[in-house]
Amino acid sequence: MGAPVINADEFVGFILVLIRLSMVVALAPVLGSPNILTEAKAALTLTLALVLAPVVHYEASQMTMSLWGLAALAIGELFIGLVLGTMVRLVLETANLAGEYLSFQMSLTMVNLMDPQSGTQVPIVSRLVYIIFVLLFLFANGHYLVLEALADSFKVAPVGVLTLDRPQMFTELMLAVGRMYILAVKIAAPVVGLLFCVKVSFGIVAKAVPQMQVLFVGMPLYILAGLLVIGFSMDFWPRLVGQGLFEAERALARALGILAPGARP
């Protein structure tokens, strides 16, 4: 029994599939975490490529063998992977943004921790909210959403077709960023509203009793009130994460429609 014969078109198709998968795995929430070993992510990418490559349809007639043509196709695959990974990643980036709002209101902006995701210092509240959102993301099967969108992308936008001429995609990405800010405001709204009332109350007290050290009295109260409201508002967070994943799923469907070869650029 001889070894299987792989022609040049099939090999190039496999490489393009591997490029798209590597970008998605690198950017996707949880899967692309720096806490996961690079070897494990490489093994996952290669495994997915070996599973998907035999069933992926590719345009052999458009599979150019020139160096510049292959480079253009590789950039197109990187672009598709960038879009898919970013669309879902923005759901969890909402947690960091909401944590920034909460930390500022609770006067905890100087209390920072090292974030292994970005390698930078982030407020401790941002880290707390992010960990809770990761757990909710996994509970809601958000990682399956990434893999499902990835599999659908090969049906809608097959490898070997250049898809860089889609300006509507940048509009869709901007809309996704806008939804991230809206969701972050919804998460932080209860704490922001309560602490606004508390600060107004302390302002009145400071005018009525000038001898009172409002700064030293108010700061622990801001932290306590903020933590209490965060604890009570966590009941609504699964609904908000589910809403964010639902919007991300719809955005991914629209993005794949834009990337389809028959879509008008």
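When only residues in region 167-195 that are among the β-branched types (Val, Ile, Thr) and farther than 25 Å from Gly81 by Cβ count, which is nearest to the chain's Cα centre (by Cα)?
Filtering region 167-195 down to residues among the β-branched types (Val, Ile, Thr) leaves 171, 177, 182, 185, 187, 191-192.
Within this subset, residues satisfying the condition of being farther than 25 Å from Gly81 by Cβ are 182, 185, 187, 191-192.
Values: Ile182: 15, Val185: 17, Ile187: 17, Val191: 24, Val192: 24 Å.
The qualifying residue nearest to the chain's Cα centre (by Cα) is Ile182.
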Residue under question is Leu173, and the condition is that it be surrounded by fewer than 18 Cβ atoms within 10 Å (Cβ to Cβ) and at pLDDT below 80; does it hold? no
Residue check for Gly242: surrounded by fewer than 16 Cβ atoms within 10 Å (Cβ to Cβ) and either under 15 Å from the mean Cα position of the chain (by Cα) or at pLDDT below 80 (or both): yes
Hits in region 136-160 (condition: in a helix (DSSP H, G or I), in contact with a Gly (Cβ under 8 Å, 6 or more places away or on another chain) and within 14 Å of Met23 (Cβ to Cβ)): Val146
Those residues of region 196-223 which are of a type outside the set (Val, Ile, Thr), free of Cβ contacts under 8 Å to residues at least 12 places away in the same chain and surrounded by 12 or more Cβ atoms within 10 Å (Cβ to Cβ), in sequence order: Ser201, Gly203, Ala206, Met212
Could you please give the count of residues in region 204-230 that are among the small types (Gly, Ala, Ser) and over 15 Å from Ser107 (Cα atoms)? 2
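If only one of Met114, Met110 is assigned to a strand (DSSP E or B) and either surrounded by 18 or more Cβ atoms within 10 Å (Cβ to Cβ) or modelled with pLDDT under 80 (or both), which one is it? Give the derivation first.
Details: Met110 fails: assigned to a strand (DSSP E or B).
None of the other options fit; the residue is Met114.
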Look at region 136-158 and say how many of its residues are within 14 Å of the chain's Cα centre (by Cα) and aliphatic (A, V, I, L, M). 6
I'd like to know if region 254-262 contains one or more residues that are within 25 Å of Val88 (Cβ to Cβ), surrounded by fewer than 18 Cβ atoms within 10 Å (Cβ to Cβ), at pLDDT below 80 and in contact with a helix residue (DSSP H, G or I) (Cβ under 8 Å, 6 or more places away or on another chain). yes
Taking Ser126, is it outside any helix (DSSP H, G or I) and either modelled with pLDDT of 75 or more or crowded, with 16+ Cβ neighbours inside 10 Å (or both)? no
Which of the residues spanning region 9-27 are modelled with pLDDT of 80 or more, of a type in the set (Gly, Ala, Ser) and under 17 Å from Asp152 (Cα atoms)? Ser22
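The values are calculated or read from the model by the stated rules, or taken from the named source; none is laboratory data. The structure presented is a predicted model; accordingly, all values stated were derived computationally and were not measured. A quick note on method: Cβ atoms are made from the backbone with ideal geometry, for glycine too, and the neighbour counts reach across all protein chains shown.
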